[in-house]
1. What's the FRET efficiency of Cys115 with Thr159 using the Cβ-Cβ distance as r and R₀ = 22 Å, to the nearest 0.05?
2. Ranked from highest to lowest mean number of other Cβ atoms within 10 Å per residue, what is the order of the peptides 36-48, 148-160?
3. Give me the net charge for the shell around Cys139: Cβ to Cβ below 9 angstrom, other residues only, Lys and Arg +1, Asp and Glu -1.
4. Find out how many positive minus negative residues lie around Ile155, taking Lys and Arg as positive, Asp and Glu as negative, among other residues whose Cβ is under 14 Å from that of Ile155.
5. Between Glu43 and Ile21, what FRET efficiency follows from the Cβ-Cβ distance if R0 is 35 Å, with the result rounded to 0.05?
6. At Leu104 and Asn32, where each label point lies 7 Å from the Cα along Cα→Cβ, what is the point-to-point distance in nanometres?
7. With Cβ to Cβ distances under 9 Å as the rule, what net charge do the other residues near Val119 carry (K, R +1; D, E -1)?
8. Grab the beta carbon distance between Tyr143 and Ser73, set R0 = 35 Å, and tell me the FRET efficiency rounded to 0.05.
Amino acid sequence: MFDKFKVRGIKLPNDNLKYKILSTDDVNEEINKLVEKCLEVIEEVSPQNCQKMICHFKWNCNKLLEKFYEADSFVHFLKKNNIDLSVPLTSEAMIDSFIQSNPLYKWCPNKSNGCTFVVKMDDDSEVEEIACQCGLTYCIQCYGIPHSPFPCILIHEWTIQLDEFKNIYLHNVIWPQLP
């Protein structure tokens, strides 16, 4: 149906996506995969405590395991790395920490309006335009309206110049004519 557009080189929305839109449940699954990977090595902790430990190392499982092997004992590991397993870690804080620590994951900027979706980009992608399931389409770099093929900095500079022009226009054209 859309072959005539593809032949002409017109990019269609959601064509060959290099990103995925994830729910918070999907992000929890990603976190649980990391936890399972670490629990294969560190068997003496619960999954919840393992989450806290990985969170402490900014969700870098390899760094956690490296530090774990350097310690003489589990207690020494906790003490040496200032990890307090008695501090609660809420699901929201855990997910937010995971997203903040991983450059491939970003919250939809419509979060303030109730959107709970997360964008996960492919490792090698140069994604610019995101179409979230909440209906918002935006630039992943600047969170502004999509502006491909123009870079964010050009749009930013253009916006500043446009605002300056509006001020000049208002002060020199509109206001002097008012009675």
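1. With a Förster radius of 22 Å, E is 0.40.
2. 36-48, 148-160
3. Local charge sum for Cys139: -2.
4. Once all neighbours under 14 Å are counted, the net charge is -4.
5. My answer for the efficiency is 0.50.
6. Roughly 1.9 nm, to one decimal.
7. Result for the local shell: +3.
8. 0.15
Only the coordinates and a few stated rules stand behind these numbers; no lab work does. Note that the structure is predicted; figures quoted are calculated from it, not measured. All Cβ positions, glycine included, derive from the backbone under ideal geometry; neighbour counts span all protein chains shown.
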